[in-house]
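For reference, the structure discussed in these notes is given below.
The values are calculated or read from the model by the stated rules, or taken from the named source; none is laboratory data. Computed from a predicted structure; not experimentally measured. In this analysis, Cβ positions are derived from the backbone assuming ideal geometry, glycine residues included, and neighbour counts consider all displayed protein chains.
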Amino acid sequence: MSQKHLRFQAPDARGDAHGGLDGEGRSASKDREPVSTRFLRVLSRGAPPSPRRFEAPEIYGRAAIRRIAAALPPVERAYANVRFSILRPKLLSVMDLLLPDEGRILDIGCGFGLFAAYFGQTQPARRIVGVDPNARRIAIARRVCTSIGLDGTSFIAGDARDVPLEGKFAGAYVLDVMHHIPEEDQRPMLERLRDLLLPRGVLVIKDITTEPAFGLEFTRLLDRVMVGWREPLSYRHHREWGEMLAELGFHVRMVRVPDILPYPHVVIAATKRD
Ligand SMILES: C[S@@+](CC[C@H](N)C(=O)[O-])C[C@H]1O[C@@H](n2cnc3c(N)ncnc32)[C@H](O)[C@@H]1O
């Protein structure tokens, strides 16, 4: 292969060093460094430059998703495939980058543990604690994470509004759950999450905003198919969430993430002020 082609090779996502050529087509081996560069490095006693340290892996880990799907029973596997196709690479990557890469992280309304298993694999130093009132889903979530080998992940069956939770968390995420919480309980639940976070802890909320109206009605219909007609569905406009979180003492940023389907996704990053 010519040097021109080698220059544009896709690097290994694990960041393994292979030697080879650097971005300028030169040999990356230390021996080939100009004498002046080596001399300056010896003088400054600096670490050798590591061009691969800041590689960007493909956060949308297909292998991670395959492992999760393989660990699920057939019906839940089908659901997982739908869920991962709704929360596409863009959404997953945004949330992955917003969440702390280590420490205790709460997954509120974790369901079958799909995202605990996903975010636990993308950053193995995360210790995720999933909470969901559905005991059957919690049992499946435990099984999935055990079979993947995510030992630091744990699950609790209970209602996020009042389940006992010990200690503080570096982060928390609530993926498509806030609109399943009755309207009058939404603010107290966010207040509770704030109190569970460490200072500067980040709360990531992914939900559905209320505009455009067609997108909301599309989502409502699919939610009704999932939960039936009796459960409350309490969507709010993203500005309302923003104001509420700011009043609760969070610094708030948010993005709307477009989709091929008309879901009006919004991702909110709320950082607890010191
Ligand atoms: C649409 S599912 C989302 C599941 C998961 N977060 C995901 O993104 O795949 C909503 C989940 O919220 C859970 N949920 C509903 N009310 C809850 C509550 N009060 N506390 C914790 N979880 C709750 C449900 O049991 C369900 O698993």
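Out of the stretch 137-169, which residues are of a type in the set (A, V, I, L, M, F, W, C), touching a Lys or Arg at 6+ places or on another chain (Cβ under 8 Å) and near the ligand (Cβ under 9 Å from one of its atoms)?
Matches in the stretch 137-169: Ala160 only.
So if I check each of Asp96, Asp159, which one is under 21 Å from Thr271 (Cα atoms) and acidic (Asp, Glu)?
After ruling out the rest, the residue left standing is Asp96.
Just need a number here: residues in the stretch 233-274 that are assigned to a loop (DSSP other than H, G, I, E, B) and more than 19 Å from the chain's Cα centre (by Cα).
So the count comes out to 12.
Among the numbered criteria (1) more than 16 Å from Val177 (Cβ to Cβ); (2) in a helix (DSSP H, G or I); (3) of a type in the set (D, E, K, R), which single criterion is violated by Glu211?
For Glu211, the failing item is (2).
Can you pull out every residue in the stretch 226-238 that is among the charged types (D, E, K, R) and surrounded by 13 or more Cβ atoms within 10 Å (Cβ to Cβ)?
Once the filter is applied, which keeps residues that are among the charged types (D, E, K, R) and surrounded by 13 or more Cβ atoms within 10 Å (Cβ to Cβ), the stretch 226-238 yields only Arg236.
If a residue must be over 15 Å from Leu175 (Cβ atoms) and crowded, with 21+ Cβ neighbours inside 10 Å, how many such residues does the stretch 239-263 contain?
2
Go through (1) modelled with pLDDT of 95 or more; (2) not in a loop (DSSP other than H, G, I, E, B) one by one and return the number of the condition Met226 breaks.
(1)
Just give me the residues in the stretch 87-104 being surrounded by 15 or more Cβ atoms within 10 Å (Cβ to Cβ) and either assigned to a loop (DSSP other than H, G, I, E, B) or within 13 Å of the ligand (Cβ to nearest atom) (or both), in sequence order. Before you say what the answer is, go through the steps one by one.
Narrowing the stretch 87-104 to residues surrounded by 15 or more Cβ atoms within 10 Å (Cβ to Cβ): 87-88, 90-96, 98-101, 103-104.
Scanning the stretch 87-104 gives Leu87, Arg88, Leu91, Leu92, Met95, Leu99, Pro100, Asp101.
Taking the conditions exactly as written (surrounded by fewer than 18 Cβ atoms within 10 Å (Cβ to Cβ) and touching a residue at least 12 places away in the same chain (Cβ under 8 Å)), does Asp223 satisfy them or not?
Values: surrounded by fewer than 18 Cβ atoms within 10 Å (Cβ to Cβ): yes; touching a residue at least 12 places away in the same chain (Cβ under 8 Å): yes.
For Asp223, the condition - surrounded by fewer than 18 Cβ atoms within 10 Å (Cβ to Cβ) and touching a residue at least 12 places away in the same chain (Cβ under 8 Å) - is met.
Find the residue count for the stretch 172-197, including only residues that are within 20 Å of the chain's Cα centre (by Cα), more than 9 Å from the ligand (Cβ to nearest atom) and of a type in the set (D, E, K, R).
1
Specify the residue that is farthest from Arg66 (Cα to Cα); the eligible residues are those in the stretch 119-136 that are of a type in the set (S, T, N, Q) and away from the ligand (no atom under 15 Å from the Cβ).
Gln123
Can you spot a residue in the stretch 81-103 that is at pLDDT below 95 and within 16 Å of Arg137 (Cβ to Cβ)?
Looking for residues that are at pLDDT below 95 and within 16 Å of Arg137 (Cβ to Cβ), one finds at least one in the stretch 81-103, hence yes.
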